[in-house]
Every structure is written in structure tokens, then in C-alpha cells.
Amino acid sequence: MNRYKLATIWAAATVIIDQITKLIVHNTMQVWTGEPIIPGFFNLVHVLNKGAAWGFLDNESIDWQRPMFIAISVVAVAVIGWMLRTLDDGDRWMIAGLGMIAGGAIGNAIDRTWLGFVIDFLDFYVGTYHWPAFNVADSALTVGAGCIIISMLFNKKTAE
């Protein structure tokens, strides 16, 4: 399959799953509430994040983070499109990773554009130590980066 089609499929799947899950959380949970799923380890929550990962720049007194994060998403998707030009259609790990990263950037940009914040709902923790809440788009960004690392490792071994 063509690298553009494959990356688009990964990006579209990411955006669709991300937006559906956020819509479900938005329509079924009150903001700033949570439901334990696995006590002592995992909750579904409904939190709003105006900032970036781990709540970076999530501050009501800052008004420039929304356009900045939207612009970063647009630039990231453009760079990914440019990067795809140089790839071999067989580099499935890199293509999947770039597609997931594009989808994650688009998913969170949709929230920022229409809502002014990102809906986060996955809350993992042990005892009182919580990982910051995140969403499917954030997960896709992380998994996508992992796919790129795997691609780089495989390509390094084949180049030697």
C-alpha cells in the first residue's frame, strides 16, 4: 500500500477513535469527576486541559497557548507530509508512527479549535501517585514515537 494512504488510514483511525471517546466522556460524565475502573490503578475521569502534555501551560491567565498549540499541530502535520515524501513504501513502522502522530496532533487540535481545551479522561495511578490524565490522541503521539524508534532501529540494522 502507498505510504500516503497508509499514513492517512492511521491518522484517520486515530482521529475517529479519539473524537468518539472524547464525545462519550463529554456526554456521559460531569467535568472534574471520575469513576474507578480498576481500584488503586485506573479511573475514567473528565478533565479539561488548556495546556499541553502533563498540564504544561494549563493556566487560565495565559491566553496565547490555544493559538500556539493549534499552530504547532498544523506545522507538525505539514512536516509529517513532507517527511512521507522521502520514505520507502515498505517502511511500515515509520509510516504508521507518522500517521499516528499526525492523527494525535489533529485530534487534540480539533478540541482546541472548537472547545478551547482538550478533553482528557484516562487516569492511571498507584496509591496517591497519578500519571497526568491523557486521551487517545496523546496515546497515539506516544505510540507513534515508539513506532518511529522501532523503524530507526530496524533500518540501522539493515544499513550495517
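Read-outs throughout are calculated quantities, based only on the coordinates presented, and are distinct from any laboratory measurement. Quick caveat: nothing in here was measured; it's all calculated off a predicted structure. Heads up, the Cβs are rebuilt from the backbone with ideal geometry, glycines too, and the neighbour counts pull from every protein chain shown.
Could you please let me know if residue 29 is more than 16 Å from the chain's Cα centre (by Cα) and within 17 Å of residue 111 (Cβ to Cβ)?
It is true that residue 29 is more than 16 Å from the chain's Cα centre (by Cα) and within 17 Å of residue 111 (Cβ to Cβ).
Here's a check for you: in the stretch 139-157, which residue that is among the hydroxyl-bearing types (Ser, Thr, Tyr) and within 25 Å of residue 40 (Cα to Cα) is farthest from the chain's Cα centre (by Cα)?
Here the answer is 142.
Do you know which residues across the stretch 64-76 are touching a residue at least 40 places away in the same chain (Cβ under 8 Å) and of a type in the set (A, V, I, L, M)?
Matches in the stretch 64-76: 70 only.
Take the residues in the stretch 111-138 that are touching a residue at least 12 places away in the same chain (Cβ under 8 Å) and of a type in the set (Val, Ile, Thr), then tell me which one is farthest from residue 42 (Cα to Cα).
113
Under 8 Å between Cβ atoms, which residue pairs at least 6 apart in sequence (or on different chains) link something in the stretch 1-18 that is over 10 Å from residue 96 (Cα atoms) with a partner that is in a loop (DSSP other than H, G, I, E, B)?
Correct list of pairs: 1/89; 2/89; 18/135.
Can you pull out every residue in the stretch 65-112 that is in contact with a helix residue (DSSP H, G or I) (Cβ under 6 Å, 6 or more places away or on another chain), part of a helix (DSSP H, G or I) and either farther than 16 Å from residue 144 by Cβ or of a type in the set (Asp, Glu) (or both)?
Of everything in the stretch 65-112, those that are in contact with a helix residue (DSSP H, G or I) (Cβ under 6 Å, 6 or more places away or on another chain), part of a helix (DSSP H, G or I) and either farther than 16 Å from residue 144 by Cβ or of a type in the set (Asp, Glu) (or both) turn out to be 66, 69, 70, 112.
Within the stretch 113-132, track down each residue that is in contact with a Gly (Cβ under 9 Å, 6 or more places away or on another chain) and assigned to a loop (DSSP other than H, G, I, E, B).
117, 127, 132, listed by residue number.
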